[in-house]
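Each remark here refers to the structure printed beneath this line.
The values are calculated or read from the model by the stated rules, or taken from the named source; none is laboratory data. As the structure is a computational prediction, the values presented were derived from the model and not from experiment. Glycine also receives a Cβ, built like all others from the backbone with ideal geometry; neighbour counts cover every protein chain displayed. In case anyone asks, the SASA skips ligands and DNA or RNA and just uses the protein heavy atoms, side chains included. Shrake-Rupley method; radii C 1.70, N 1.55, O 1.52, S 1.80 Å.
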Amino acid sequence: MSATAPRVVALTGGVGGAKLGLGLARRLPAEDLAFVVNTGDDFEHLGLTICPDLDTLLYTLAGEADPERGWGRRDESWRFLETLAALGGEHWFSLGDRDLALHVTRTQALAAGRTLTEVTAALASRLGVGPALLPMSDDPVRTMVATAGGELAFQHYFVRERCAPAVTGFRFDGADRARANPAVLAALASPRLEAIVLCPSNPFVSIDPILAVPGLRAALETAAAPVVAVSPLVGGLAVKGPTAKMMEELAVPRTAPAVAAHYGALLDGLVLDTRDEAEAEAVRALGPAVTVTRTLMESLEDRLALADAVLAFADTLRE
């Protein structure tokens, strides 16, 4: 498998991105697909390096994701967390027993000098995942959320505080010093590249951290393949997560044109849900081409259908 010569590169983070990622992985040969994954959500907890977006995608593609919660591993048990709580330990972040084994393995490998890219590739191989899962950088970048009550590390905002504080902005600590993953740059420069997909992930805290790494936005802008984004909004609301809440608190309209304006000249096309079809012309006025389809992914068939629509749309833009 080549991690640097794919036909499709998808930028992703979170559950929504992983859902489309599964559809793409089922439609494309493993060697034709590479994922660029947000690591701004990563953090150190209980002495372990936790990579939520990488793990959500890894478990989803491996068929190990918990179908009820949408995150973590299926068939999970919680004896470690229960014991930790009983001992008075820090238990606000849920670590299942099976999930814990992955974090321990990763942390040990990183401490031994392996890069996050190398560790992720080894874990993917163990779990039978074919497409390349590429961290945006092997250097630490940490998303910090500015709120009315002060700045919070992303997982403290997202999990511990349950997204309750009002958001006023974001900072990607370490991004200015981070080096873009060489495998990502190679994938974006591949002569085989036919499409770049921005999955329906949160633009502010899943895609923007990737774009903040020096060289990555420029690599996307100069790539020969069209850049196609899937709007994370359905009828002005986010299916999962705080995207719509963040937009409202930042005084950004909860609309497809606002999503297009956020990405700006980076976009060649935007995929809208059928419930947002009335906004298509306003998006086109900003520059991107538009296609309208069902983007709500409630089943595997929905994931596959959206993957088909995105790939077909990219084909028309490339032609």
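Looking at region 65-79, is at least one residue open to solvent by 40 Å² or more (accessible area, probe 1.4 Å), more than 21 Å from PHE172 (Cβ to Cβ) and assigned to a helix (DSSP H, G or I)? Looking for residues that are open to solvent by 40 Å² or more (accessible area, probe 1.4 Å), more than 21 Å from PHE172 (Cβ to Cβ) and assigned to a helix (DSSP H, G or I), one finds at least one in region 65-79, hence yes.
Within the option set ALA258, ALA219, ALA225, being surrounded by 17 or more Cβ atoms within 10 Å (Cβ to Cβ), out of contact with any Gly (no Cβ under 6 Å at 6 or more places or on another chain), outside any helix (DSSP H, G or I) and of a type in the set (A, V, I, L, M, F, W, C) holds for one residue only, ALA225. Being open to solvent by 30 Å² or more (accessible area, probe 1.4 Å), assigned to a helix (DSSP H, G or I), among the charged types (D, E, K, R) and closer than 23 Å to PHE204 by Cβ, is that true of even one residue in region 3-26? Among the residues of region 3-26, at least one is open to solvent by 30 Å² or more (accessible area, probe 1.4 Å), assigned to a helix (DSSP H, G or I), among the charged types (D, E, K, R) and closer than 23 Å to PHE204 by Cβ, which makes the answer yes. Taking region 220-266 as the range and being out of contact with any helix residue (DSSP H, G or I) (no Cβ under 9 Å at 6 or more places or on another chain) and touching a residue at least 12 places away in the same chain (Cβ under 8 Å) as the test, the residues that pass are LYS245, GLU249. On the stretch given as region 186-197, residues that are at pLDDT 95 or above and crowded, with 17+ Cβ neighbours inside 10 Å total 8.
For region 279-298, does any single residue satisfy the condition of being of a type outside the set (S, T, N, Q), assigned to a helix (DSSP H, G or I) and open to solvent by less than 30 Å² (accessible area, probe 1.4 Å)? Yes: one or more hits. The residues listed here are PRO200, PRO214; of these, the one that is farther than 30 Å from ALA282 by Cα and open to solvent by 20 Å² or more (accessible area, probe 1.4 Å) is PRO214. Scanning region 123-132 for any residue that is free of Cβ contacts under 8 Å to residues at least 24 places away in the same chain, open to solvent by 20 Å² or more (accessible area, probe 1.4 Å) and farther than 17 Å from THR12 by Cβ turns up at least one such residue.
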